[in-house]
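I have placed the structure first, in the form of structure tokens, so that the comments after it can refer back to it.
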Amino acid sequence: MTLLFALLLLITLLLLELTYFKIADRFNIIDKPNHRSSHTSVTIRGGGIIFSLAALIYFFGFGFAYPYFILGLLLISLISFLDDIFTLNNKVRISVHLIAVLLMFYQWGLFSLTWYWIPIAIIFVIGTINAYNFMDGINGITGGYSLVAIATLYYLNEKVIAFTSSDLLITIGLSLLVFNFFNFRKRAKCFAGDVGSVSIAFIIVFFMGQLIIQTQNFNYILLLLFYGLDAASTIFFRTIRKENIFEAHRSHFYQYLANQLKWNHLVVSGLYMSIQLLLNVMLIFLVGNNLWSASLLLIASGVLFLIIRFNVEGRERLLHLNS
């Protein structure tokens, strides 16, 4: 992709996002703050629709590549967008998610492998998508964290091993730049919505799956390690507190920093971006395909994260020892 074409694509995506803002404003697709929100003003919802639109532009502009992945992305984006507006039945939403994931598996060629890889992959993919969705709660965190992931994947594709289309990575990266322009700010113009957080998670997982299948290196799962630590530890603590882990909440560590400690949203988002970038650098240049090194990185990061959570939030809050 030439620099001029990338610039034209960036302008096109910017115009598409602005057009969506007008449509959302016209049809009242907005996010009103409630007791679980980390924001205080009415904001346009669904700005993350630009990620799926970018993938469509790539599909029609670059030879109709990855058709099953694109179809799965459209399905999961559509159901998520409708869920943003109407709040759909969980069975309907989960069914469409499963179909979309199976289409992605077909694109990967996963059905040619031994059968037990399918349920393992389903658990990982759907778990990652839901964790990504739950982590979308403050300005800049989804767009910023995803930009780190895409930039890392682009580096790997260009410098380490070619596993996907660099043009697709660039296109998604440009859509993230457009979204971050409106979201990575003190008073966001828009939020990603489920359509944004779910679709970008679907896209990133697709790239990671391609990378893992190409290299046979499962260490690349750690490209989303810091999100995983926050999501997994939060589920663990909520389970201990006998809370319904499927209900909306404000128990993530990033939410504690933003809501209880009143840290600036962009500082928290920047912190998550920086830590994951550091982890990615360690993964690429120190760990590589060494399983023991990856295990050490995972264990050390997990222990350090738990120590920080206990010191910052306190045992009483995390475990409800006073109840």
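Just to be sure I understand, how many residues within the stretch 268-288 are within 24 Å of the chain's Cα centre (by Cα) and open to solvent by 80 Å² or more (accessible area, probe 1.4 Å)? So the answer is 3.
Checked against the criteria, Ile94 does not count as modelled with pLDDT of 90 or more, open to solvent by 70 Å² or more (accessible area, probe 1.4 Å) and in contact with a Gly (Cβ under 9 Å, 6 or more places away or on another chain). Annotation: of all residues in the stretch 235-254 being part of a helix (DSSP H, G or I) and without any contact (Cβ under 8 Å) to a residue 24 or more places away in the chain, the one that is farthest from His265 (Cα to Cα) is Thr239. The residue pairs whose first member lies in the stretch 132-161 and is at pLDDT 95 or above and charged (D, E, K, R), whose second member is surrounded by fewer than 24 Cβ atoms within 10 Å (Cβ to Cβ) and assigned to a helix (DSSP H, G or I), and whose beta carbons are closer than 8 Å, counting only pairs six or more residues apart or on different chains, are Glu158/Ser166.
Take the conditions open to solvent by 50 Å² or more (accessible area, probe 1.4 Å), part of a loop (DSSP other than H, G, I, E, B), over 24 Å from Asn180 (Cβ atoms) and aromatic (Phe, Trp, Tyr) and apply them to Phe60. Does it pass? Walk me through how you get there before you give the answer.
Numbers: open to solvent by 50 Å² or more (accessible area, probe 1.4 Å): yes; part of a loop (DSSP other than H, G, I, E, B): no; over 24 Å from Asn180 (Cβ atoms): yes; aromatic (Phe, Trp, Tyr): yes.
Judged against the criteria, Phe60 is not a match.
Filtering the stretch 164-188 down to residues that are aromatic (Phe, Trp, Tyr) and over 20 Å from Ser80 (Cβ atoms), which residue is least open to solvent (accessible area, probe 1.4 Å)?
Applying the first criterion (aromatic (Phe, Trp, Tyr)) to the stretch 164-188 yields 179, 181-182, 184.
Okay, now just the ones that are also over 20 Å from Ser80 (Cβ atoms), so 181, 184.
Details: Phe181: 126, Phe184: 73 Å².
Among residues in the stretch 164-188 that are aromatic (Phe, Trp, Tyr) and over 20 Å from Ser80 (Cβ atoms), the one least open to solvent (accessible area, probe 1.4 Å) is Phe184.
Residues of the stretch 60-87 that are under 15 Å from Ile129 (Cβ atoms) and β-branched (Val, Ile, Thr): Ile76, Ile79. From the list Phe226, Phe253, Phe218, Phe191, the one residue that fits, being open to solvent by less than 20 Å² (accessible area, probe 1.4 Å) and either under 16 Å from the mean Cα position of the chain (by Cα) or more than 20 Å from Leu306 (Cα to Cα) (or both), is Phe226.
The values are calculated or read from the model by the stated rules, or taken from the named source; none is laboratory data. As the structure is a computational prediction, the values presented were derived from the model and not from experiment. As a convention, Cβ positions derive from the backbone with ideal geometry for all residues, glycine included, and neighbour counts pool all protein chains shown. Remember, those area values only see protein heavy atoms, side chains included, never the ligands or the DNA or RNA. Shrake-Rupley method; radii C 1.70, N 1.55, O 1.52, S 1.80 Å.
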